[in-house]
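S.K.: Here it is: the structure, laid out below.
No value in this document is a laboratory result; all are computed from the given coordinates. Since the structure is predicted, the reported quantities are computational estimates derived from the model, not experimental observations.
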Amino acid sequence: MNPLPLYLAHGAGAGHSNTFLKLLCDAISEQRQQSVLPMTFSYMQEQESSGKKRPPPRFTTLVPEYAERIAHETSCIVAGKSMGGRVATQLSHLPMTKAVICFGFPFYPAGKPEKNRLSFLEGLKTQCLIIQGTRDQLGSYEWVSQQSLPENIEILWIEGADHDFKILKKYNKSIEDTVLELAIHTKSWLEKNI
């Protein structure tokens, strides 16, 4: 049986031309023996073609854009890096969405845990994997581990990684090593949960 299609949305500031996302798409595609389908929001397409950086539009416009991209699927997995993962969590109610994967979920704006985004994780209708760095400035291990999260969310921690999955030098791991670890964990989790 072929694995379900996996769509991956980018974060707020970097599209699929970003080195990390390219490596991640390639590694997951290789692990699953199926290409990852990139979800590029229209504001990022415009930014990439014009070369002018701009902030993302209102969050509420991104959710229907991602939903439209997967509307033709009967079953799929929705994933995203940071903001893209936050958008993906809002698609769990759709009948074609069988799982959600977040790479570096933005639990709160940098340095502002009091403005948390836990509400995005409430009411998820599918299994959800969040892969998070222990040093993530948008969701540290210390803060996240004190929160009460729904039972259908599993968090996998990458020791020494920040929000961009850059690892402290003392761990002696390259970004390629880290990305391979993310891809292996993704494949393994999907095999157990889907």
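S.K.: What residue among Ser49, Ser145, Ser92 shows peak mean-square fluctuation when the chain is described by a Gaussian network model with Cα springs under 10 Å?
M.R.: Ranking Ser49, Ser145, Ser92 by mean-square fluctuation puts Ser49 first.
S.K.: Over the Cα atoms, compute the radius of gyration (one decimal) and Dmax (the largest Cα-Cα distance, rounded to a whole number) for the range 118-167, in Å.
M.R.: According to the Cα coordinates of the range 118-167, Rg and Dmax are 11.1, 32 Å.
S.K.: Return the Rg/Rh ratio of the range 1-147 with Cα-based radii and a Kirkwood Rh.
M.R.: 0.95
S.K.: Now for a separate question. Once you've got the GNM for the chain with C-alpha springs shorter than 10 Å, pick whichever of Arg86, Arg117, Arg54 has the biggest mean-square fluctuation.
M.R.: It is Arg54.
S.K.: Run through the DSSP bridge list for the chain and note the antiparallel percent, rounded to the nearest 5.
M.R.: 5
S.K.: Suppose the chain between Thr61 and Tyr141 were pulled fully straight at 0.36 nm per residue; how much longer would it get relative to their current alpha carbon spacing? Don't skip to the end; give the middle numbers.
M.R.: Working: separation 80, 0.36 × 80 = 28.80 nm, distance 3.02 nm.
Contour length minus the Cα-Cα distance gives 25.8 nm.
S.K.: So if I take the centroid of the Cα atoms in the range 8-37 and the same for the range 154-178, what is the distance between those two points in Å?
M.R.: So the two Cα centres are separated by 17 Å.
S.K.: For the range 124-145 and the range 45-117, write down the distance between their C-alpha centroids in whole Å.
M.R.: That distance is 15 Å.
S.K.: Holding the Cα-Cα limit at 21 Å, pick out from Lys115/Lys173; Lys81/Lys112; Lys22/Lys187; Lys53/Lys81; Lys22/Lys173 the pairs that are longer than that.
M.R.: Lys115/Lys173
S.K.: Please identify, among Thr61, Thr126, Thr40, the residue showing maximal mean-square fluctuation in a Gaussian network model of the chain using a 10 angstrom Cα cutoff.
M.R.: Thr61
S.K.: While we're on this one: When the Kirkwood radius is taken over all Cα pairs of the range 69-194, what Stokes-Einstein diffusion coefficient follows at 25 °C and 0.890 mPa s, in µm²/s?
M.R.: Translational D for this selection: 165 µm²/s.
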